[in-house]
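What follows is a set of notes on a single structure, which appears directly below.
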Amino acid sequence: MKKYVAEFIGTAALVIFGCGTAMLVGCDAASGSGYLLTALAFGLTIVGMAYCVGNISGCHINPAVSLGVLVSGGMSGKDFVGYVVSQCLGAFAGALVLMAVFTTGSVTDLTGGFGSNGLGGVNGSAVAGLIVEIVLTFFFVLTILGVTDKKAGHGSFAGVVIGFTLTLVHILGIGLTGTSVNPARSFGPALVAAINGNTAPMACLWVFIAGPFVGASLAAVAYKALSKK
């Protein structure tokens, strides 16, 4: 149970700090600094959580990462279900915190949807959005599997590498889909946005569930094939 609680806390933190930063600084093309700040917020949160809950749960805080670990043989089906449920609940709780701050205070949500993902950067194309999310998640999860492989010997540096890789994929992906690579991170803000009256993020939520899951599965298969002796 402790590892599920750790995943809940870690995913809540990711939404609060990552999506919260996006809400504050905005993510439009005219504001490159907003891109960078949001990318760093997501990446640095991963670094912090990796050294906070990583020794308890492995700090997946992302259903796509958990799927990659499952496919590569690193966890049981029972734990996978427990992790995903905990991550989705954590993302929802994190988004509720943002709603409490942004709807009861005087702070403006510059993203218009609690940092939820969308297809505006790809002109509303679900196909383009899927491609973006599959590709970004593939490289993100491939990096995680490689850097956490005990044979690689990266040890305590894994959290830093993963955090900076998440920053990297955000730098490209923010302007296209808002960068999900994490179904829970997309689910929580989209659901809270719908509760708050904005149902637009829910309409394309499937893209940000299917894309990361496909990308993670491909990464796991590829890593198993490449690392096999």
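The numbers here are math on the coordinates, done by the rules we state, and not lab data. In this text, all values refer to a predicted model and were calculated from it rather than measured experimentally. Every residue, glycine among them, receives a Cβ derived from its backbone with ideal geometry; neighbour counts consider all protein chains shown.
Some values worked out for this structure:
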{"read-out": "Estimated vicinal HN-Hα couplings, Hz - segment 162-171 in sequence order (Karplus 6.51, -1.76, 1.60; Gly, Pro = x)", "value": "5, x, 6, 5, 5, 4, 4, 5, 5, 4"}
{"read-out": "Angle in degrees between helix 126-147 and the longest Cα principal axis of the chain, rounded to the nearest 10", "value": "40"}
{"read-out": "MRE, 222 nm, helices only [DSSP H, n ≥ 4, -39500 (n - 2.57), over the chain, to nearest 500]", "value": "-22500 deg cm²/dmol"}
{"read-out": "Label-point separation in nm, K151 to I195, each point 7 Å along Cα→Cβ", "value": "4.5"}
{"read-out": "Order by protection proxy (mean Cβ within 10 Å, highest first), peptides 174-185, 133-144, 195-206, 51-62", "value": "174-185, 133-144, 51-62, 195-206"}
{"read-out": "Average Cα contact separation per residue, segment 2-227, under 8 Å, 6 or more apart, as relative contact order %", "value": "31"}
{"read-out": "C-alpha long axis of helix 2-14 to longest principal axis of the chain, angle in °", "value": "40"}
{"read-out": "In segment 2-227, lysine pairs with alpha-carbon atoms under 17 angstrom apart (chain gap of 8 or more, or interchain)", "value": "4"}
{"read-out": "Principal-axis tilt of helix 32-50 within the chain, Cα atoms, nearest 10 degrees", "value": "40"}
